[in-house]
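Take a look at the following structure, please.
The values are calculated or read from the model by the stated rules, or taken from the named source; none is laboratory data. Since we're looking at a predicted model, the values are computed, not measured. So basically every Cβ, Gly included, is an ideal-geometry build from the backbone, and we count neighbours across all protein chains shown.
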Amino acid sequence: MSKHDQPAKTRSLLSQIIRIFAVVFLIVLVTIAIIAGIGWWAGWQTEAKFKMAIQIAGLIHIGIGFLGIKGNREMPRSFEYQSSESVSKDDVWKRTQQFLRELAQSYSFLLVMFGSGGICMVIGMLM
């Protein structure tokens, strides 16, 4: 592997992390906008009603996130290559990183929904 390959991997990982944060932030903003619209339409006049609605929305996000708990069943989950004597340590490290990357992608819906639900819960508690 040359020195020029490493920054590309770092950028791609960084761009994936930024993309996940952007999606979570967007989901939270949309949720709060919907709650504000419902509150305006329903004529809520106290902060306590908005606070409770945002917390309930956070719980709903977490509940919906549990739908992604099964993950991707097609992903191979074999660690046999790690115990093999013929495989170099560098290759084991690369395969382990690939496995962890695939595992995170498999559970990305769960992670995004848990993140947005947790942020909504915190916002509701801090109001």
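State the number of residues belonging to segment 13-37 that are surrounded by 13 or more Cβ atoms within 10 Å (Cβ to Cβ) and either in contact with a Gly (Cβ under 6 Å, 6 or more places away or on another chain) or farther than 18 Å from Val122 by Cβ (or both).
Qualifying residue count, segment 13-37: 2.
Still on this structure, I have one more. Give Glu85, Glu102, Glu74 a once-over and let me know the one that is within 21 Å of the chain's Cα centre (by Cα), in a loop (DSSP other than H, G, I, E, B) and either modelled with pLDDT of 75 or more or of a type outside the set (Gly, Ala, Ser) (or both).
Values: Glu85 fails: within 21 Å of the chain's Cα centre (by Cα); Glu102 fails: in a loop (DSSP other than H, G, I, E, B).
Criteria check complete, one pass: Glu74.
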